[in-house]
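I have placed the structure first, in the form of structure tokens, so that the comments after it can refer back to it.
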Amino acid sequence: MNAQRPNKRLWRQMIIHLGLWLPITAMAGLFSWPTPPLPPDTTTQNVAGRIVFNGLDMHAQTFSSPRSPDEILAFYRKAWAGQVVVNPMGHEQVIGHRQGDYFMTVQVSAAGGGSKGNIGVVDITSAPAHFVPGEGLPKPMDSKVFNDIRYPDDPIPSRMVALQNHLSPRQNAGFYRERLAGDGWKPVDDHCSASGCVLDYQRGDQKMNLAITPGPQGRSQLVMTIQNP
């Protein structure tokens, strides 16, 4: 797990936003996972053996290429015959394409004289009937959970839950100190600053990290990562 974590950090931004525009459609049938085409001289690396993104099975890779982001987007527009959705995400672009029972996305940004990014393939037939993101975890009232991601096949299985609410980072930290202590979690590290709060806890062979940062419009964003969930 430790060797893969840097790749997961690169992937985190995309999977946090992916749910905003991924067309979830219930369909019958299950086929082999498609492999997105790659521009020439592009190299890839797997993020994890298996990802379950909001209840959906997902394969993910990072990539690097000597080609510019515009060239990457042009390649996929041509490869996917213009049947694409393109969305800006800060300084990055995400291009998506539906192929049968799968939805493929490529996130690309500039890197040196070329580009880097992430490639995701989601099995949209795997959508559960009644998925509840963040189920079983403590959350302050009125929190909105927008992603719940599991890595079940890692050497150390893990789960990452991202949520947002109107409490300050310090108020969120106070809530979790009280709730986690009541649930048997022991504090390992706990500090807050102007940039937010970071809390680490342990319970038996389980470890939990909470990163809480101030967001726009007085909201806080919280990412909870749990080992051996």
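Here, each number is a calculation from the coordinates, and none is a lab measurement. From a predicted model like this one, the values you see are computed outputs, not experimental measurements. Cβ sites come from the backbone with ideal geometry, for glycine too, and all protein chains shown count toward neighbours.
Each residue of the stretch 83-89 was assigned a 3J(HN,Hα) from its phi angle through the Karplus expression (A = 6.51, B = -1.76, C = 1.60, θ = phi - 60°), giving 8, 9, 10, 10, 10, x, 9 Hz with x at Gly and Pro. Helix 5-18 axis versus longest C-alpha principal axis of the chain: approximately 80°, rounded to the nearest ten. What whole-number distance in Å separates the alpha-carbon centres of the stretch 81-114 and the stretch 175-229? For the stretch 81-114 versus the stretch 175-229, the Cα centre distance is 32 Å. Evaluate the relative contact order of the chain (contact order divided by residue number), counting alpha-carbon pairs under 8 angstrom at least 6 apart; express in whole percent. Across the chain, relative contact order equals 17 percent.
Protection proxy ranking of 33-39, 67-73, by the mean of other Cβ atoms within 10 Å over each peptide's residues and highest first, is 67-73, 33-39. Under 5 Å between amide hydrogens, built in the peptide plane, is the criterion, and for residue 89 it picks out 94 among residues at least 5 positions away or on other chains.
Set the Förster distance to 35 Å, then compute FRET efficiency between residue 205 and residue 109 from the Cβ-Cβ distance, nearest 0.05. Using R0 = 35 Å, I get an efficiency of 0.40.
Compared with the dominant principal axis of the Cα atoms in the chain, helix 169-182 is inclined by about 70°. Spread over its residues, the convex hull of the C-alpha atoms of the stretch 86-219 is 181 Å³ per residue. Packing here is the average count of other Cβ atoms within 10 Å per residue, and on that basis the peptides 137-148, 74-85, highest first, run 137-148, 74-85.
Look at the alpha carbon pairs under 8 Å that are at least 6 residues apart: their mean separation over the length of the stretch 89-189 gives a relative contact order of 15 percent.
Pairs of Cα atoms nearer than 8 Å and 6+ residues apart set the relative contact order; for the stretch 22-153 it is 32 percent. Where does helix 69-79 land angle-wise versus the long Cα axis of the chain, in degrees 0 to 90, nearest 10? Helix 69-79 sits roughly 60 degrees off the main axis of the chain.
Per-residue Karplus couplings for the stretch 208-215, computed as 6.51 cos²θ - 1.76 cosθ + 1.60 with θ equal to phi - 60°, are listed in order as 9, 10, 10, 10, 10, 10, x, x Hz, Gly and Pro entered as x. In summary, the lysines within cross-link reach of residue 207, defined as a Cα separation below 22 angstrom excluding same-chain residues under 8 places away, comprise 8, 139, 186.
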